[in-house]
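The values are calculated or read from the model by the stated rules, or taken from the named source; none is laboratory data. Not measured: the values here are computed from a predicted model. Methodologically, a virtual Cβ is constructed for each residue, glycine included, from the backbone with ideal geometry; neighbour enumeration extends over all protein chains shown. Side chains included, ligands, DNA and RNA excluded: accessible areas come from the protein's heavy atoms. Shrake-Rupley method; radii C 1.70, N 1.55, O 1.52, S 1.80 Å.
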Amino acid sequence: MSRFFATGSDSESEESSSSDEITPKAPGTNFKQSLLLSDDEEDTKRVVRSAKDKRFEELTNLIKTIRNAMKIRDMAKCLEEFEQLCRAFLKSKNIVDKEGVPPFYIRLLADLEDYLNQLWEDKEGKKKMNKNNAKALSTLRQKIRKYNRDYETEIASYKENPQESADEEEEKEPEDSGSSSESDGEGGDEGVSAKAFLKKKPEAASEASKFLKSAKGSGDESSSSEEDDDEDWGSDTIDSGSESSDEGEGKSASLAMVFLKKTQETEKSEKKVPKKKKLKKREDRLEEEAEEEGGEEVEGGWEKVKGGVPLVKEKPKMFAKGTEINTAVVVKKLNEILQARGKKGTDRAAQIELLNALAAIAAENNLGQGILVKIKFNIIASLYDYNPNLAAFMKADMWKKCLDCIDELLDILFENNNIFIGENIAEDSENLGISDQPFRVRGCVLTLVERMDEEFTKIMQNTDPHSQEYVDNLKDEGRVCGIVDRLLNYLENKGSTEEICRIYLRRIMHTYYKFDYKAHRRSLGIQGESKSEQDQEESEGEDSAVIMDRLCKFIYAKDRTDRIRTCAILCHIYHHALHSRWYQARDLMLMSHLQDNIQHADPPVQILYNRTMVQLGICAFRQGMIKDAHNALLDIQSSGRAKELLGQGLLMRNMQERNAEQEKIEKRRQVPFHMHINLELLECVYLVSAMLLEIPYMAAHEFDARRRMISKQFHHQLRVGERQPLLGPPESMREHVVAASKAMKMGDWRTCHSFIINEKMNCKVWDLFPETQRVREMLVRKIQEESLRTYLFTYSSVYDSISMETLSEMFQLEIPTVHSIISKMIINEELMASLDQPTQTVVMHRTEPTSLQNMALQLAEKLGNLVENNERVFDLKQGVYGGYFNRDQKGGYQQKQSYGRDQKGSYQQKQSGYQRGGYRNQNQSNY
């Protein structure tokens, strides 16, 4: 009879319970007992959990879902669950304030942020994402970065020691479960509970109960059915023990059974704990693998094998034991290794290692430098092939290996003059063995060095220009230039003219954009401050100007390809302009006639041409040639695409016009950051030049109906300034120029000067010039002169006569300067006046028309145009053919005029001039 239905004495129930414990259970008894459970048994089975456990369980469930979504890269699911997690964490704020932020929560935040950053950097992976996932990725990345600001210290401590944080989390879980069991025990009936009694017993039992509780709370589904049966069995014994202990009879037997059972349970629970730890470690390992899926393959490290039939990769054995190693055997092995090159499944890192091992074997066995050079060629080629994608750049370790290998190759070539290399040497005619004949190796060092130079450019293009990494990578340029110089010396002795021109161009491209400060100081007569600097300057070779001159002149004379010569001319002009040699730069540009056919060149050469024109304009500005500066910068600045035309970035507004492939191509054409021209300085120089030309012109032609604009962009900035509802002090560079223009209109040169030259403008623009003080002095002088001209244009109608001495004091100019400016204005018929030499005064003639007369003249001109158009239409309808030959002659004359005015767009001007001349001649013949 079951003890649950016992109606006899307590002793009988005790005996029956003990007998039940001793007799083995028949199969299926658990199922029957579960059907026969009483209400009391159900009450004892019910688990009462604290609010903390409920909240933390909710958080852990959400975290599990997020981690599962991370494994399958479901960003939309991650975002949805993360938002739910934030809401759940907000609900448990009271508990978090008491207990602190749980470690598993901090761990998820840190892991999720790292995972998202890794996905964000994987450009190719992002492009393969669907639209929802890509959008969810960017949204979640922004949210997690913003959210993690509140937990920066906790995340930092976790990242410093992630293992300790994980161990603390593991320890805390059983403690929390133990504390919850304590609260359960205290919440029950005080006199009846066996759990309260067990708490006062030795520590082994309490520790076992902790392990049991944690095993239940962790939701471990991997435990076997036998262990579940044992847990049920243990609860039965506890209940039976509690009944007997209440009455006080047979205490020793029941307690013995309880402790016997508990000791067995402790052993089993201790066995279960390592399983849990193993599972946790396995889960951690799986998470790390999932996070590393997006990462790139590390050289010589573990490789993620994709699904399908596994590719069998066997390292080819070098040589069998006892093989005689000679040149033929090594060449055969080299060809074996190279046969796998480019094939699917080839381990490129292993191939590089094999080639290095082969080179070491060849060197050990003294097979000669010929075979060593051939292996080095193939090692460098394999390093370049390590990244099969053209847009990808070399990693730092591969880049260092490449530079070292090229240096070693050049060392061998310099030490052995009997090695001849060239692309025209056939493989059959190679001589790699040691013999009386010189070594002959097929290959081209120049091609390898050119590829190295291109890889360096790609590394600089793909590095963040505002990071320390960019500075570290830029330090390698010295080594790159050293390799180029060594190859240049080698090819000058052994290379062909074409090869020398190619290596000279590489050297020029690394020199043309650098300002030679030491040469500049020597030209100014300034010596180094310390003696070491002076010694260094004396020991250094020729200036960059001499080097550029020598290299470029050789290319001008010997080069047979137009492209190399064009690039050399543009670099030479750029270097002249950078060092303020305006007349040499201008003459070289005009003599080369590059502006006539540059539109047929390839895009990199066009970018170089644009950079050269901009540098030429800035040089003209520094020399005070304001009109030349404006003309040189006009084409670039008027387009509104200066950034794109100079190869310094892509404009977002044109993104729709290009597809992904075109965008990749254009990004490869970008100039590295250290070669950029400051766009704000460029715009400021252009606007100031336009101001100095436009303001006097506007004052002179105030009432002229046919007044043309010199600079559209400058007028646009003026209109923007006029539309401002509230005019405060200028802040940006453009606002400073607009404010200065308004002051110059009034003839107030001091205010104009204060707007153009001040601390803010000095920091942004003028301090970037090498000769800062000289540029500022030139600007002040130009502002004074143009303000004087503007003043005379604006206020000449007010004066009968004005003293040149007065003008000299007003604009702080010397009297001869004032005299020359006014004389030029009178000669050019800009100012209707005459100079009275004895009294040094300017006498106005009052021949300028009044405003009413100006309006009448405009009306008369418009009526004349209307009549002319009317006559033209009438002639076309009547079909008048008079004056054909005269029209042709006059049209030809006008064509010459228009061609002389402007070389650009000459065909259209010829055509328009021809038609205009014809029309006028027709009218004359009709009259």
Restricting to the range 328-355, name every residue that is in contact with a Phe, Trp or Tyr (Cβ under 8 Å, 6 or more places away or on another chain), of a type in the set (Val, Ile, Thr) and over 13 Å from ILE379 (Cα atoms). VAL329
Considering only the range 793-818, state which residues are closer than 30 Å to TRP766 by Cβ and either open to solvent by 30 Å² or more (accessible area, probe 1.4 Å) or in contact (Cβ under 8 Å) with a residue 40 or more places away in the chain (or both). PHE793, THR794, GLU809, MET810, PHE811, GLN812, GLU814, ILE815, PRO816
When (1) more than 32 Å from the chain's Cα centre (by Cα); (2) part of a helix (DSSP H, G or I) are applied to ASN366, the one that fails is (2)
Quick check on GLU680: is it within 30 Å of PHE793 (Cβ to Cβ) and among the acidic types (Asp, Glu)? no
Name the residues in the range 468-508 that are open to solvent by 50 Å² or more (accessible area, probe 1.4 Å) and outside any helix (DSSP H, G or I), would you? LYS475, SER496
THR457 vs (1) surrounded by 17 or more Cβ atoms within 10 Å (Cβ to Cβ); (2) in a helix (DSSP H, G or I); (3) free of Cβ contacts under 8 Å to residues at least 60 places away in the same chain; (4) among the polar types (S, T, N, Q): all pass except (3)
When you check ASN610 against the structure, is it part of a helix (DSSP H, G or I) and either under 24 Å from the mean Cα position of the chain (by Cα) or modelled with pLDDT under 90 (or both), yes or no? yes
Pull up the range 707-742, narrow it to residues that are touching a residue at least 40 places away in the same chain (Cβ under 8 Å) and assigned to a loop (DSSP other than H, G, I, E, B), then point me to the one that is surrounded by the most Cβ atoms within 10 Å (Cβ to Cβ). SER711
Open to solvent by 70 Å² or more (accessible area, probe 1.4 Å) and part of a loop (DSSP other than H, G, I, E, B): which single residue out of ASP397, ASP428 fits that description? ASP428
Quick one: PHE515 ticks every box in (1) open to solvent by less than 70 Å² (accessible area, probe 1.4 Å); (2) more than 20 Å from LYS458 (Cβ to Cβ); (3) assigned to a helix (DSSP H, G or I) except a single one, so which number is it? (3)
Of all residues being among the β-branched types (Val, Ile, Thr) and out of contact with any Phe, Trp or Tyr (no Cβ under 7 Å at 6 or more places or on another chain) in the range 777-794, which is nearest to VAL843 (Cα to Cα)? Just the residue, please. THR794
Please go through the range 585-602 and give me each residue that is part of a helix (DSSP H, G or I) and surrounded by 11 or more Cβ atoms within 10 Å (Cβ to Cβ), ordered by number. ALA585, ARG586, ASP587, LEU588, MET589, SER592, LEU594, GLN595, ASP596, ILE598
Answer with yes or no whether SER754 is under 29 Å from SER732 (Cβ atoms) and among the polar types (S, T, N, Q). yes
Considering the range 823-840, residues that are out of contact with any Leu (no Cβ under 7 Å at 6 or more places or on another chain) and within 19 Å of MET744 (Cβ to Cβ), and then whichever is surrounded by the most Cβ atoms within 10 Å (Cβ to Cβ), we arrive at GLU830
Residues that are among the polar types (S, T, N, Q) and either under 18 Å from VAL441 (Cα atoms) or open to solvent by 40 Å² or more (accessible area, probe 1.4 Å) (or both), drawn from the range 337-363: GLN339, ASN356
For the range 68-78, which residues satisfy the criterion of being part of a helix (DSSP H, G or I) and open to solvent by 30 Å² or more (accessible area, probe 1.4 Å)? ASN68, LYS71, ALA76, LYS77
Specify the residue that is surrounded by the fewest Cβ atoms within 10 Å (Cβ to Cβ); the eligible residues are those in the range 525-561 that are more than 22 Å from TYR513 (Cβ to Cβ), of a type outside the set (A, V, I, L, M) and modelled with pLDDT of 85 or more. ARG560
Failed item in (1) within 30 Å of TYR470 (Cα to Cα); (2) in contact with a Leu (Cβ under 8 Å, 6 or more places away or on another chain), with PRO672 passing the rest: (2)
Based on what the data block shows, is ASP464 under 19 Å from the mean Cα position of the chain (by Cα) and either within 17 Å of THR327 (Cβ to Cβ) or loosely packed, with under 11 Cβ neighbours inside 10 Å (or both)? yes
Can you find, within the range 634-648, the residue that is modelled with the lowest pLDDT among those that are in a helix (DSSP H, G or I) and in contact with a Leu (Cβ under 7 Å, 6 or more places away or on another chain)? SER639
Out of everything in the range 562-584 that is of a type in the set (D, E, K, R) and in contact with an Asp or Glu (Cβ under 8 Å, 6 or more places away or on another chain), what residue ends up being most open to solvent (accessible area, probe 1.4 Å)? ARG563
Looking at (1) under 24 Å from THR463 (Cβ atoms); (2) in contact (Cβ under 8 Å) with a residue 24 or more places away in the chain, find the lone condition where VAL688 falls short. (1)
Of the residues in the range 626-669, those that are among the charged types (D, E, K, R) and either open to solvent by less than 30 Å² (accessible area, probe 1.4 Å) or over 30 Å from GLN468 (Cβ atoms) (or both) come to LYS627, ASP628, ASP635, ARG641, ARG653, GLU657, ARG658, GLU661
State the number of residues belonging to the range 364-394 that are hydrophobic (A, V, I, L, M, F, W, C) and loosely packed, with under 14 Cβ neighbours inside 10 Å. 1
